[in-house]
Amino acid sequence: MKFIFRTDATQTLGSGHVMRCLSLARVLHERGAVTCFVALDMPDYLEALLNQEGHTLKRIPTWARGDDLADAHATVDGEEGVSACILDHYGLGEAWERRVQASVPVFALDDLGRAHCARWLLDQNIYANPLCRYERRLAPGVQALLGPKYALLRPEFERARCDARVRDRGLRQVLVFLGGMDADNVTSIALQAIDAALLDEVYVTVIAGVSHPALADLDAWCSRRGRAVLKVQVKDMTPHLLLADLAIGAGGTSTWERCACGLPTVAVCLADNQREVIRQGSAEGFLWGFDNVPQVAELAHVLRALANAPSLLAHMSRQALSVTDGRGVQRVAAILMPRQVEVRAAAEGDARMIYEWRTHPSVQGVSRSPSLFSFEEHCAWMRQTLANSDRLLLVGVHEGR
């Protein structure tokens, strides 16, 4: 099977669209699919990451910019055997979907509540009435996947969920991450607020992308403050999310990463599509949100309040854990590429496994020969069965088991 991902990354757009597509591409690739990214704009470091993980990149000619139909043609023309095209792009809409859908099923990702004619629609965000958000905006037959249950998080978040804890020890560690690019350098506002809140005993981890416009300043702040460290272009966020007691972050996809790890957040709205998520998250109690970038004094006041309210941090943490279990990408992959049972001939090497099946109480209780037998007797039966041309012993394998 082959899947195409149409998405872009720029200093203005950020890298979130590419990163959540990459989460899905990884799982599809692991299941044996061919995965290709198609982009007009893709920084070199992201192209290197795609290639490193076994995905290819096709660049769209610049003459297609701003023209949905030209972009659609450039995306799918010449492509064969495509199972679905995953679209994650605010600049491409229903006209693009209709053109591509004529030849390839479209899986559209959205955060804006726009109209769609795709085969599937995924909006992983949290809303009070998610179905009403798309009422009369979906063509007949569109399968809507709504809510953080389907959040496209990398597989390490599913594993990290096992180690997630309720933050009930008070405020000892703060994580600051305002997105991979943070073009407006909101990170520096967060660091100034930490200074103003007099959180001198709190350890601070600052994470930024390689394209952050003020890396040198962030590094200087960490060195000057002490009890602080700057991490650039972190590949696996989960250790930092599990260690922290509070995050200062944006309201995009990283919201669900923090929730999967049970991490309370002071969330800053950095784009219009984050505003409703932050408002609903504040209402449900898993974050403390700002509709816009706050003043240093405003943010410092909130940080100081949370530092003095460990029970509130614990409540926010419990609420965060209830939002998503981190398995959304597996659910989506199962829809796009359902697992099947593979059947193969049994071999002598399967003897121990089949013996454990045959002697399991639930099997023996309904067996025609309920008497116990030894492993040696079982091996003799296996050899006889495998040598009998009138019998065919098969083993079904599902997800490696």
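The values are calculated or read from the model by the stated rules, or taken from the named source; none is laboratory data. This one's a predicted model, so the numbers in the text were calculated from it and none came from an experiment. Glycine also receives a Cβ, built like all others from the backbone with ideal geometry; neighbour counts cover every protein chain displayed. For accessibility, only protein heavy atoms count, side chains too; no ligands or nucleic acids. Shrake-Rupley method; radii C 1.70, N 1.55, O 1.52, S 1.80 Å.
What is the residue count in region 179-198 for residues that are out of contact with any Lys or Arg (no Cβ under 6 Å at 6 or more places or on another chain), at pLDDT 95 or above and among the hydrophobic types (A, V, I, L, M, F, W, C)?
Looking only at that region, the number is 7.
Within region 328-382, take every residue that is open to solvent by 90 Å² or more (accessible area, probe 1.4 Å) and within 30 Å of Thr35 (Cβ to Cβ) and give me the one that is modelled with the lowest pLDDT.
The selected residue is Arg339.
Does Glu135 qualify as being in contact (Cβ under 8 Å) with a residue 12 or more places away in the chain, open to solvent by 50 Å² or more (accessible area, probe 1.4 Å) and of a type in the set (Asp, Glu)? It would help to see each step written out before you state the result.
Values: in contact (Cβ under 8 Å) with a residue 12 or more places away in the chain: no; open to solvent by 50 Å² or more (accessible area, probe 1.4 Å): yes; of a type in the set (Asp, Glu): yes.
No; evaluated as a whole, the condition is false for this residue.
Looking only at region 215-241, which residues are open to solvent by 10 Å² or more (accessible area, probe 1.4 Å) and farther than 27 Å from Ala160 by Cα?
Matches in region 215-241: Leu215, Ala216, Asp217, Asp219, Ala220, Trp221, Ser223, Arg224, Arg225, Gly226.
Can you name every residue in region 15-37 that is buried (at least 23 other Cβ atoms within 10 Å of the Cβ) and assigned to a strand (DSSP E or B)?
Hits for region 15-37 are Thr35, Phe37.
Against the conditions (1) outside any loop (DSSP other than H, G, I, E, B); (2) open to solvent by 10 Å² or more (accessible area, probe 1.4 Å), where does Gly141 fall short? Just the number, please.
(1)
Within region 245-282, take every residue that is among the polar types (S, T, N, Q) and under 24 Å from Thr12 (Cβ atoms) and give me the one that is surrounded by the fewest Cβ atoms within 10 Å (Cβ to Cβ).
First, pick out the residues of region 245-282 that are among the polar types (S, T, N, Q): 253-255, 265, 273-274, 280, 282.
Restricting the remaining residues to those that are under 24 Å from Thr12 (Cβ atoms) gives 253-255, 265, 273-274.
Working: Thr253: 22, Ser254: 24, Thr255: 29, Thr265: 27, Asn273: 16, Gln274: 22.
Only one residue tops the list, namely Asn273.
Those residues that are assigned to a helix (DSSP H, G or I), over 22 Å from Ala25 (Cβ atoms) and touching a Lys or Arg at 6+ places or on another chain (Cβ under 9 Å), I need them from region 57-95; list them, please.
If the condition is that a residue be assigned to a helix (DSSP H, G or I), over 22 Å from Ala25 (Cβ atoms) and touching a Lys or Arg at 6+ places or on another chain (Cβ under 9 Å), then Asp68, Leu69, His73, Glu94 are the ones that fit.
For residues that are under 15 Å from His240 (Cβ atoms) and touching a Phe, Trp or Tyr at 6+ places or on another chain (Cβ under 7 Å), scanning just region 167-194, find the one that is surrounded by the most Cβ atoms within 10 Å (Cβ to Cβ).
In this case the residue turns out to be Gln173.
Which one of these is in contact with a Gly (Cβ under 7 Å, 6 or more places away or on another chain) and either in contact (Cβ under 8 Å) with a residue 60 or more places away in the chain or surrounded by 20 or more Cβ atoms within 10 Å (Cβ to Cβ) (or both): Ala164, Ala197?
That would be Ala164, the only listed residue that is in contact with a Gly (Cβ under 7 Å, 6 or more places away or on another chain) and either in contact (Cβ under 8 Å) with a residue 60 or more places away in the chain or surrounded by 20 or more Cβ atoms within 10 Å (Cβ to Cβ) (or both).
When region 96-122 is examined, which residues are found to be open to solvent by 10 Å² or more (accessible area, probe 1.4 Å) and part of a helix (DSSP H, G or I)?
Arg98, Arg99, Gln101
Would you check if there is a residue in region 73-87 being under 26 Å from Pro338 (Cβ atoms), open to solvent by 10 Å² or more (accessible area, probe 1.4 Å), touching a strand residue (DSSP E or B) at 6+ places or on another chain (Cβ under 7 Å) and hydroxyl-bearing (Ser, Thr, Tyr)?
Within region 73-87 (the criterion being under 26 Å from Pro338 (Cβ atoms), open to solvent by 10 Å² or more (accessible area, probe 1.4 Å), touching a strand residue (DSSP E or B) at 6+ places or on another chain (Cβ under 7 Å) and hydroxyl-bearing (Ser, Thr, Tyr)), the answer is yes, since at least one residue qualifies.
Are any residues in region 217-238 farther than 17 Å from Leu178 by Cβ and either in contact (Cβ under 8 Å) with a residue 12 or more places away in the chain or assigned to a loop (DSSP other than H, G, I, E, B) (or both), and if so, which ones? Spell out the reasoning first.
Applying the first criterion (farther than 17 Å from Leu178 by Cβ) to region 217-238 yields 220, 223-227, 235-236, 238.
Arg225, Gly226, Arg227, Lys235, Asp236, Thr238 - these are the residues of region 217-238 that are farther than 17 Å from Leu178 by Cβ and either in contact (Cβ under 8 Å) with a residue 12 or more places away in the chain or assigned to a loop (DSSP other than H, G, I, E, B) (or both).
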